Structures are given as C-alpha cells and as structure tokens.
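Structure first, then comments.
The values are calculated or read from the model by the stated rules, or taken from the named source; none is laboratory data. Since we're looking at a predicted model, the values are computed, not measured. FYI the Cβ positions are ideal-geometry reconstructions off the backbone, even for glycines, and counts take in every protein chain you see. The protein model used for the area step is the full one, side chains on, heavy atoms only, and it has no ligands, DNA or RNA in it. Shrake-Rupley method; radii C 1.70, N 1.55, O 1.52, S 1.80 Å.
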Amino acid sequence: MNYRHAFHAGNVGDVLKHMVQIHVLAHLRAKAKPFAVIDTHAGIGAYDLTGPAAIRTGEWRHGLGRLWGAADPPEAVRAYLDHVRAIQEELGATIYPGSPLISAHHLRPGDRMVAVERHPEDYAVLADLLGRAPGVIVREGDGYAALAALLPPAERRGLILIDPPFEEREEYQALALALGRAHRRFATGVYMLWYPIKDPGAVAVMRQMIQDSAVPRVLAVELTVRPTTVLAGLAGCGLILVNPPWRLEETLREALPWLAARLETTPGAGGWSLEWLRGEA
Ligand SMILES: C[S@@+](CC[C@H](N)C(=O)[O-])C[C@H]1O[C@@H](n2cnc3c(N)ncnc32)[C@H](O)[C@@H]1O
C-alpha cells in the first residue's frame, strides 16, 4: 500500500482514462434513465498540482501540461480539458480532478456513485471531499471485494471503473479475473479497466485471459509515449473497455493519433492502438 496517486495525477495515464470516462458519462447522461457509477479504486478525488508530490515527479507536465493551449484539439480532448477547467474554476486553478470527482460532477438527481478506497488516509480525504455530495457513497475497503456486493446495480445501467495501483505483477491477472466475475453479475454495464504498459509480457497475458473469457464486446485501447521496453519504465497505458458506447471507437480514432504525437516523450515513440479483443457474443 505504498502507491499514492498524488505523484501521478494528471499524467498520461490520467489523460487517457479521464478523457474516456467523461465520454462514457456523457453517453450515460444522454438517456433520462438513472445510472450508477462504481469506482473500485478511487484515490483522494482532487490533487494539487503545486503540492509536494506533484512537484517531485512533475508527471502532470508530460500529460495535462502538454495539452493546455493546444490549437484545435479533437472533440474528446476538448471535452476533457473543458471539464478540468470547470472543476478548477470551482475548486482552484491548480486542482486536478480524480475519477470520483469527475463522476460526481456528472451525476443528476437519481443517479448514484459508490467510490471505494482502501488506503485509510486516502479514504478519509475522499470522504471529506465527497462524503456529503448528493448521490455519492464513499466506502473504505477492498474495491474488488466490494464489486460482489454492489453488482448488479438496481439501475441496471452504469459505469464500473477499475483502476488499481499495479504495485504487483499479479495485478494484471487479478484485473482479468475481476472482470469475468463482475460481468457474470452485470453483463450490460460499461466497464473501464486501466493498466500501465511497463511489462509487455504481463499485459499480453492479461489480454489473452480476457480474449479467452466469456466476456463479449471488449475493446482494448493503448497509448504509448516511450519505447515499449521494460527498462524504459512506463511506456504508456491502456484501457480495457467492455460495452463501449457506440461512438467511442470513432472518437478515439480521432483523438489517439493527436494525443500520441502531442504526448510522446521520445521523438517517434508515440503510438496508439485500438483492437477488439472480443466482438459480439
Ligand atoms: C491509480 S489510483 C486511483 C486513481 C483514481 N481512480 C483516479 O483516476 O483519480 C489507485 C488507488 O487504489 C487504492 N487501492 C489500492 N488497493 C486497493 C484495493 N484493493 N481496493 C481499493 N482501493 C485500493 C490506492 O490507495 C490508490 O488510491
């Protein structure tokens, strides 16, 4: 439990994850029927980009920091930047929103979110930020275990975001297994599973496990900014998307090449991919 997201807030991983999250939430809001969000690994919800952790790594400067002021960004990037800016206008110009804060801002009366965080200190900060927000429940504990109790949601529509810290290599397999279990309880939900690309072998095993599973409609998205060698550290990140909204693939085909070119840290190393791991059942 050493991982603290404050060191990484606003980095390349957050850009991809939160951009897609905002697209999915807009899709859920397009219908009047209420929806639920379950955020299994929630973090603290708001991060100060001028705080000691963010300053120490400077990661956000290679993510969000490279997008500010871009002329004519693709639609999904623009929506992401607009949302970050709207939250900054409310909470302060140096704040970066985490996934539960982004979801909380999209809830309408009748919509609901459960955010789970295991780290006791981070849980306390998140509970302070969102514990009294309308429709939001903040829980302390293991997000994987919580899924069993929370699925299926009564609303029968919603987003399940699984965003673990990947402190251990086994996390890739844990993610694939958690998806299988969750999907058996709630097959129609939109799932977003985030993973780092720093160990290509482990990523390949996870993707194969998902391909071999009974879960249909799985789109894998990857964005790389450094060469994909283990020694180079984090090369990029990926998302496993189950039941993605129908316009998301097209939206990503526009945004990913732009992001890869803008965010690459090694010239020529920026890359992206979109691949259906499994189609319709
Ligand atoms: C990558 S961060 C989450 C970032 C957040 N989803 C966002 O996008 O703003 C992972 C978080 O999971 C927490 N965590 C680690 N293991 C957990 C578990 N088993 N259940 C719930 N939370 C866990 C960590 O303390 C950390 O805050």
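Taking the centroid of alpha carbons for each part, segment 238-256 and segment 36-88 are 19 Å apart. Partners of residue 17 within straight-line reach, counting lysines whose Cα lies under 19 Å from its Cα and excluding those fewer than 8 residues away in the same chain: 198.
Using a probe of 1.4 angstrom and keeping all protein chains present, the accessible surface of segment 206-281 works out to 45 square angstrom per residue. Beta bridges per DSSP, both residues in segment 5-278: antiparallel share near 60 percent. Label-to-label distance for residue 108 and residue 56 is 4.3 nm, based on points extended 7 Å past Cα in the beta-carbon direction. Taking all protein chains together and a 1.4 Å probe, the residues 251, 94 rank 94, 251 from largest to smallest accessible area.
For residue 149 and residue 170, what does the FRET efficiency come to when R0 = 25 Å and r is the distance between their Cβ atoms, rounded to the nearest 0.05?
The pair residue 149/residue 170 has a calculated efficiency of 0.65.
Provide the percentage of antiparallel DSSP beta bridges, counting only those with both residues in segment 43-168; round to the nearest 5. Of all bridge pairs located within segment 43-168, approximately 40 percent are antiparallel.
Can you give the local net charge around residue 115? Use residues other than it whose beta-carbon is closer than 12 angstrom to its beta-carbon, Lys and Arg +1, Asp and Glu -1.
On the way: positive: 112, 118, 139; negative: 39, 117, 122, 140, 163.
Once all neighbours under 12 Å are counted, the net charge is -2.
Estimated purely from DSSP H runs of n ≥ 4, each contributing -39500 (n - 2.57), the mean residue ellipticity at 222 nm for the chain is -12500 deg cm²/dmol once divided by its residues. Counting only protein heavy atoms and using a 1.4 Å probe, what share of the accessible area of the chain belongs to carbon plus sulfur, as a whole percent? Heavy-atom surface of the chain belonging to carbon and sulfur, 1.4 Å probe: 54 percent.
Here the spin labels are modelled as points 7 Å beyond Cα on the Cα-Cβ line, and at residue 30 and residue 246 they lie 0.8 nm apart. Using 19 Å as the cut-off for backbone N distance, which residues of segment 196-219 belong to the label zone defined by a point 7 Å from the Cα of residue 187 along Cα→Cβ? Counting only backbone N, you get 210-219.
Extension gain, residue 78 to residue 280: 0.36 nm times the residue separation minus the Cα-Cα distance gives 69.7 nm. List the residues of segment 157-176 whose backbone N lies under 17 Å from a point placed 7 Å from the Cα of residue 211 along the Cα-to-Cβ direction. The answer is 173, 176, whose backbone nitrogens lie closer than 17 Å to the label point.
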